[in-house]
Amino acid sequence: MPVIDMTRFHTFPSGMAWVDEYGDPENSEDRAYLLGYSPLHNIQPASEISYPPTYIESSSNDDRVHPSHARRFALSLEEAGHHPLFHEFGSGGHGGRGNSGEQASRIAMGYSFLRQTIMDG
């Protein structure tokens, strides 16, 4: 449930509460600082850098971090030639709970990703 777009986090319902912590993207000085580390805005092409295996998880019902952060990050990585594993669960919220089937899927996907990247990497 990542906060990835540091220039738009404040436009989502819970995001305004984070302005004191992160800075205000509407303030030019804060925005310049935020752009310096915003994961979404600092993706480099696969021809220039090789990122480690990346697993991005989100929930359609997350009421704290809008799932579009994870969606746009995964898409941007793919467009830059990287191959992230992205999955958006339908139930659960920010804590990732949800129904029993999705909880089991979350655990299985996480362990499978680790096993594949540790054993193959």
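A compact table of results
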{"quantity": "The range 25-63 - residue that is more than 21 Å from Leu75 (Cβ to Cβ) and either of a type in the set (S, T, N, Q) or touching a Ser or Thr at 6+ places or on another chain (Cβ under 6 Å) (or both) and, of those, surrounded by the fewest Cβ atoms within 10 Å (Cβ to Cβ)", "calculated": "Ser28"}
{"quantity": "Any chance Arg115 is farther than 22 Å from Phe9 by Cβ, basic (Lys, Arg) and part of a helix (DSSP H, G or I)", "calculated": "yes"}
{"quantity": "Ser59, sole failed condition from (1) of a type in the set (Ser, Thr, Tyr); (2) within 13 Å of the chain's Cα centre (by Cα); (3) over 30 Å from Tyr111 (Cα atoms)", "calculated": "(3)"}
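Coordinate-derived values only; no laboratory data. Everything quoted here is computed from the prediction, not taken from an experiment. Please note: Cβ atoms are built from the backbone with ideal geometry, for glycine as well, and neighbour counts cover all protein chains shown.
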